[in-house]
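Shown next, in structure tokens, is the structure this report addresses.
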Amino acid sequence: MSEYCKYCGTSARDARSLLAGNCPKHPAGAYKGKHALYEGGERAEYICVYCGTRNRSLSSLLSGSCPKHPDGSYKGKHSAYDGRESGPYECKYCGQSYREISSMVSSSCPKHPDGNYKGRHSPAR
Ligand SMILES: [Zn+2]
Ligand SMILES: [Zn+2]
Ligand SMILES: [Zn+2]
């Protein structure tokens, strides 16, 4: 069992040694902070929480730019979903359920916090 960083996908044998290292893809800037634990554990596939893209490697998922990033299209990297391993997935705002994250995030949410239909559904953990 390996532990993974949710920003860069680096793995370590245990969480303590993972969290001791500085992260090259830390949100505050390269090596500006420590790795953070990805809570989803080891999986057959990793899914982006914004766009539903799947990748069998967490580090390669996290190194790709996301077409549905909340800051704007391709303005940031994919982010790995760490909730349940298979569907159905529920929207954390409106509770609607979908078999695939990719279909959930392609439509607007009637209860989005920015306003009705002002943003996309987002999977709850
Ligand atoms: Zn990292
Ligand atoms: Zn994405
Ligand atoms: Zn929703």
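The values are calculated or read from the model by the stated rules, or taken from the named source; none is laboratory data. Source: prediction; values computed, not measured. Glycine gets a Cβ as well: all are built from the backbone with ideal geometry, and neighbour counts include every protein chain shown.
Cβ contacts < 8 Å: first residue acidic (D, E), restricted to segment 106-125; second residue more than 16 Å from ligand 2 (Cβ to nearest atom), any location; separation 6+ or different chain. Result? Sorted first by the residue in segment 106-125, then by its partner, the list stays empty.
Look at (1) free of Cβ contacts under 8 Å to residues at least 12 places away in the same chain; (2) within 10 Å of ligand 2 (Cβ to nearest atom); (3) of a type in the set (S, T, Y) and you find that Y50 fails only one, number (1).
When segment 75-102 is limited to residues that are of a type in the set (S, T, N, Q) and within 13 Å of R54 (Cβ to Cβ), the one that is farthest from ligand 2 (Cβ to nearest atom) turns out to be S86.
One residue alone among K34, K6 is at pLDDT 95 or above and within 16 Å of D82 (Cβ to Cβ), and that residue is K6.
Please specify each residue of segment 87-125 satisfying the condition of being of a type in the set (S, T, N, Q) and more than 17 Å from the chain's Cα centre (by Cα).
Taking segment 87-125 and keeping what is of a type in the set (S, T, N, Q), we get 96-97, 102-103, 106-108, 116, 122.
Hits for segment 87-125 are Q96, S97, S107, S108, N116.
One residue stands out in segment 64-112 among those that are touching a helix residue (DSSP H, G or I) at 6+ places or on another chain (Cβ under 8 Å) and hydrophobic (A, V, I, L, M, F, W, C): the one that is nearest to R125 (Cα to Cα), namely C91. All conditions but one from (1) within 13 Å of ligand 1 (Cβ to nearest atom); (2) within 16 Å of the chain's Cα centre (by Cα); (3) not in a strand (DSSP E or B) apply to Y4; the one that does not is (3).
When you go through Y50, Y46 one by one, which is the residue that is at negative phi, surrounded by 12 or more Cβ atoms within 10 Å (Cβ to Cβ) and within 16 Å of ligand 3 (Cβ to nearest atom)? Write out each step before concluding.
Numbers: Y46 fails: within 16 Å of ligand 3 (Cβ to nearest atom).
The conditions single out Y50.
Looking across segment 13-31, the residues that are free of Cβ contacts under 8 Å to residues at least 40 places away in the same chain and touching a strand residue (DSSP E or B) at 6+ places or on another chain (Cβ under 8 Å) come down to R13, D14, A15, L18, L19, A20, G21, N22, C23, H26, Y31. Taking the criterion of being in contact with a helix residue (DSSP H, G or I) (Cβ under 9 Å, 6 or more places away or on another chain) and either over 15 Å from G83 (Cβ atoms) or not acidic (D, E) (or both), would at least one residue in segment 13-24 satisfy it? No, there is no match, as no residue in segment 13-24 is in contact with a helix residue (DSSP H, G or I) (Cβ under 9 Å, 6 or more places away or on another chain) and either over 15 Å from G83 (Cβ atoms) or not acidic (D, E) (or both).
Residue by residue, here is whether (1) at positive phi; (2) within 16 Å of ligand 3 (Cβ to nearest atom); (3) part of a helix (DSSP H, G or I) holds:
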residue	(1), (2), (3)
C8	no, no, no
R16	no, no, yes
K25	no, no, no
G29	yes, no, no
E42	no, no, no
L61	no, no, yes
S73	no, no, no
R84	no, no, no
D114	no, yes, no
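Looking only at segment 98-110, residues that are more than 10 Å from ligand 3 (Cβ to nearest atom) and farther than 10 Å from I47 by Cβ come to 3 in all.
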